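The values are calculated or read from the model by the stated rules, or taken from the named source; none is laboratory data. Only a predicted model underlies this, so the values are computations on that prediction, with no experimental measurement involved. Glycine also receives a Cβ, built like all others from the backbone with ideal geometry; neighbour counts cover every protein chain displayed. Surface areas here come from the heavy atoms of the whole protein model, side chains and all, with no ligands, DNA or RNA. Shrake-Rupley method; radii C 1.70, N 1.55, O 1.52, S 1.80 Å.
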Amino acid sequence: MSKTIKLVYEVTADDFTRAGEASGDVKSKLKMMGVSPEAVRKVAIAMYEGEINMVIHAGGGRIDVEISESEVTVVLADKGPGIEDIEQAMQAGWSTAPDNVRSLGFGAGMGLPNIKKYSDFMDVKSQVGAGTTVTIKVLL
Amino acid sequence: MKFNNSVHLDTEKCKGCINCIKRCPTQAIRVRNGKAVIIKEFCIDCGECIRICPHHAKLPIYDPLPVLDDYEYTVALPAPSLYSQFNNLDDTDIVLRALLKIGFDNVYEVSSAAELVSEISRRYIAENEDKKPFISSACPSVVRLIRIRFPNLIEHIIPLSAPAEVAASLARKMASEKTGLPPDKIGIIFISPCPAKVTAVKNPIGIEKSDIDAVVAIKDVYPVMLNHMSHSDAVLEELSASGKIGVSWSRSGGEAGGLLTDSYLAADGIENVIKVLEDMEDQKFPDLNFIELNACFGGCVGGTLTVENPYVAKAKLDRLRKYMPVSKSRIGDMNPEPLFLQDKIEYIPVFKIGADMKESIAAMAKISELCDKFPGLDCGSCGAPTCRALAEDIVSGRANERDCIHLLRGYIHQLSEQFNLLDSYTKHGAADALSNVSDVKVE
Ligand SMILES: Nc1ncnc2c1ncn2[C@@H]1O[C@H](COP(=O)(O)OP(=O)(O)OP(=O)(O)O)[C@@H](O)[C@H]1O
Ligand code: SF4
Ligand SMILES: [Mg+2]
């Protein structure tokens, strides 16, 4: 019997209205597994922000989630334009979100800072023109 | 933990179809041995199965009208939605007087208590800015849903009793002062739009015991009242103690309106409510003051124990409230303490699949293994609403793999192939093998 649960989500940018489904699914699974409400909240928010970024800034990608007895790891990998200056992107309020999504309330430049706030470990690797990989860990 | 719900199955009428299992928002219903069965812990009494059942086999539970005879003195607590059921009503006193004529000894309007709850809510929200957004606690279905599914939102529920409960305790006090009767001789009887309120009385959340003695249905009281709705005794003493704010509680947006703030959201219909709660959990709208949620479409006017179409009821209500004063009941120097819930609402993880993380991981792995095996048709033939729900049932020991008719077909197929094999084996292979044994004859 496997000691961890592995979940894979392909996120496409074709249907914007479906953005957030993957994190919603993980959220409901974690609740079923009896993970503490606080940890569920952290994973749900951090993963949601990462998922939305993938759709808005990178045209979609792939999310790998691994749930073990002690932690949840979320790896969001895309082949989008990449981030030039990660430090700047991490700053609250910095955003290059296009106008058409601002009307939906995105583009406050709070996504990456929120991931930092709601995770116990966060790593962003990015190469301009090649893509971005955001790794998030939440301890249970 | 005791779980109660207020939906009952008429087994004669139930055909074992899959309408209700598909519709139930918490996946609380299964078909077992050809009949629908409700998993009590999952049920939130939203009434969806009652609405959808084409055979009228799902029956709401409530008290019959003759319950009045059980008491020496009765007080009617009309839900504000009662007013919205009548044509051309321009005075709530007509309704209240009709209640007295059909046998109640006194009335206490829930809409009057609602105005008190509105006033205290305004105060509470202003004093607790840091805890917003606040979620209304008035719809018991919503509170029960949050309690089993949205642990992170429990702290946002405004810790006030629902207006019906507040009305009940004030009515009880009024009745015992007025009559001097012992408590068991006084009947506080709520006239309800929904069976969820019945459960809220039997199995209250946040308070020790409900002050309501019996819950009768609007649809039972309504036809009896019709003959007693007289516009001509308008000169009599005024009974009504509520205005626009109080009666508007019966429709979606009404409770929020009573808070005198623009910073709110009002969602109605249980599926919409769930979507809002999911979004709220992901902190998609932290800036609002108040979230009003009603399990029924249109708010309580859409409850399953009402008679009028909810949209028509809403229109009637708007007409009625037009020339009403904004409100008639105020807290004044009353002690607001009894309006607050006494106990914290606790999270009850009824959907949990394992006692600890280790068990849960094993169970989750088993569920996805099963899901891979099932055809993914969500056909409902197994009695569960989806293939995934069946997988969860199997892991929780509530069902069997072969409840899936598609897997069963596979097994039968396999089995019949084995039979064929066995058959040809006995005819040929075994015959050859046995031909050496002289005293055994094989045909
Ligand atoms: N996966 C990604 N690929 C390319 N660029 C990204 C990616 N994620 C973030 N960025 C860049 O980093 C910036 C900041 O991201 P962040 O999530 O903090 O804010 P936002 O997405 O612009 O707005 P908000 O998340 O508040 O809606 C983005 O505007 C974008 O320029
Ligand atoms: S919305 Fe009103 S009528 Fe419907 S379940 Fe909730 S309290 Fe009952
Ligand atoms: Mg973002």
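Listing for the model above:
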| read-out | value |
| --- | --- |
| Flag if B:CYS46 is in a loop (DSSP other than H, G, I, E, B) and either among the acidic types (Asp, Glu) or closer than 30 Å to B:LEU99 by Cα (or both) | yes |
| Number of the condition not met by B:SER327 [criteria: (1) outside any helix (DSSP H, G or I); (2) open to solvent by 50 Å² or more (accessible area, probe 1.4 Å)] | (2) |
| Residues (of a type outside the set (A, V, I, L, M), within 14 Å of chain A (Cβ to nearest Cβ) and in a helix (DSSP H, G or I)) located in segment B:94-152 | B:ARG147, B:ARG149, B:PRO151, B:ASN152 |
| Single residue of segment A:1-21 satisfying the filter (open to solvent by less than 50 Å² (accessible area, probe 1.4 Å) and farther than 20 Å from B:PRO151 by Cα) that is nearest to the other protein chains (Cβ to nearest Cβ) | A:ILE5 |
| Filter result (assigned to a helix (DSSP H, G or I), out of contact with any strand residue (DSSP E or B) (no Cβ under 7 Å at 6 or more places or on another chain) and open to solvent by 20 Å² or more (accessible area, probe 1.4 Å)) within segment B:153-185 | B:ILE154, B:GLU155, B:GLU165, B:SER169, B:LEU170, B:LYS173, B:MET174, B:GLU177, B:LYS178, B:PRO183, B:ASP184 |
| Selection within segment B:385-407 - β-branched (Val, Ile, Thr) and open to solvent by 60 Å² or more (accessible area, probe 1.4 Å) | B:ILE405 |
| Options A:ALA39, A:ALA44; residue that is part of a helix (DSSP H, G or I) and touching a Ser or Thr at 6+ places or on another chain (Cβ under 7 Å) | A:ALA44 |
| Matching residues, segment A:57-82, being within 12 Å of chain B (Cβ to nearest Cβ) and assigned to a strand (DSSP E or B) | A:VAL65, A:GLU66, A:ILE67, A:GLU71, A:VAL72 |
| Residue match in segment B:72-80 (condition: outside the structural domain of B:PHE297 (by TED's automatic domain parsing) and in a helix (DSSP H, G or I)) | no |
| Residue in segment B:44-52 that is assigned by TED's automatic domain parsing to the domain that holds B:VAL117, more than 16 Å from ligand 1 (Cβ to nearest atom), closer than 27 Å to B:MET225 by Cβ and open to solvent by 30 Å² or more (accessible area, probe 1.4 Å) present | no |
| Flag if B:ASP220 is at pLDDT 95 or above, surrounded by fewer than 21 Cβ atoms within 10 Å (Cβ to Cβ) and out of contact with any Ser or Thr (no Cβ under 6 Å at 6 or more places or on another chain) | yes |
| When residues of segment A:83-122 are limited to those that are more than 17 Å from A:ILE56 (Cβ to Cβ) and within 14 Å of chain B (Cβ to nearest Cβ), the one farthest from ligand 2 (Cβ to nearest atom) | A:LYS117 |
| Cβ pairs under 7 Å, 6+ apart, first in segment B:274-292 and more than 10 Å from chain A (Cβ to nearest Cβ) and touching a residue at least 24 places away in the same chain (Cβ under 8 Å), second among the small types (Gly, Ala, Ser) and not in a loop (DSSP other than H, G, I, E, B) | B:PHE290/B:ALA256; B:GLU292/B:ALA256; B:GLU292/B:ALA266 |
| Residue that is farther than 24 Å from B:MET364 by Cβ, more than 11 Å from chain B (Cβ to nearest Cβ) and either part of a helix (DSSP H, G or I) or more than 16 Å from ligand 3 (Cβ to nearest atom) (or both), where the choices are A:LYS125, A:LYS137 | A:LYS125 |
| Flag if B:THR26 is more than 22 Å from B:ALA167 (Cα to Cα) and surrounded by 18 or more Cβ atoms within 10 Å (Cβ to Cβ) | yes |
| Output for segment A:31-56, where each listed residue is facing chain B (nearest Cβ under 9 Å) and either more than 14 Å from the chain's Cα centre (by Cα) or without any contact (Cβ under 8 Å) to a residue 24 or more places away in the chain (or both) | A:LYS31, A:MET32, A:MET33, A:GLY34, A:VAL35, A:SER36, A:PRO37, A:GLU38, A:VAL40, A:ALA44 |
| Meets criteria (within 16 Å of ligand 3 (Cβ to nearest atom) and free of Cβ contacts under 8 Å to residues at least 24 places away in the same chain) for A:ASP85 | yes |
| Residues (within 11 Å of ligand 3 (Cβ to nearest atom) and without any contact (Cβ under 8 Å) to a residue 24 or more places away in the chain) located in segment A:91-104 | A:TRP94, A:SER95 |
| Scan of segment B:330-359 for residues that are open to solvent by 40 Å² or more (accessible area, probe 1.4 Å), within 25 Å of the chain's Cα centre (by Cα) and more than 16 Å from B:ALA114 (Cα to Cα), ordered by number | B:GLN342, B:ASP343, B:LYS344, B:GLU346, B:TYR347, B:PRO349, B:PHE351, B:LYS352 |
| Residue in segment A:39-62 that is surrounded by fewer than 16 Cβ atoms within 10 Å (Cβ to Cβ), closer than 26 Å to B:ILE353 by Cβ and away from ligand 3 (no atom under 16 Å from the Cβ) present | no |
| Residues that are in a helix (DSSP H, G or I), surrounded by 13 or more Cβ atoms within 10 Å (Cβ to Cβ) and over 13 Å from the mean Cα position of the chain (by Cα), drawn from segment A:91-116 | A:VAL101 |
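Condition check ((1) modelled with pLDDT under 95; (2) outside the structural domain of B:LYS132 (by TED's automatic domain parsing); (3) touching a Leu at 6+ places or on another chain (Cβ under 8 Å)) across all residues:
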position: B:GLY258; (1), (2), (3): yes, no, no
position: B:LYS284; (1), (2), (3): yes, no, no
position: B:VAL312; (1), (2), (3): no, no, no
position: B:ARG330; (1), (2), (3): yes, no, yes
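One line per residue, one yes/no per condition, for (1) more than 14 Å from chain A (Cβ to nearest Cβ); (2) at pLDDT 95 or above; (3) more than 30 Å from B:PRO163 (Cα to Cα):
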residue: B:ASP318; (1), (2), (3): yes, no, no
residue: B:MET324; (1), (2), (3): yes, no, no
residue: B:PRO349; (1), (2), (3): no, no, no
residue: B:ILE367; (1), (2), (3): no, yes, yes
residue: B:ARG388; (1), (2), (3): no, yes, yes
residue: B:HIS413; (1), (2), (3): yes, no, yes
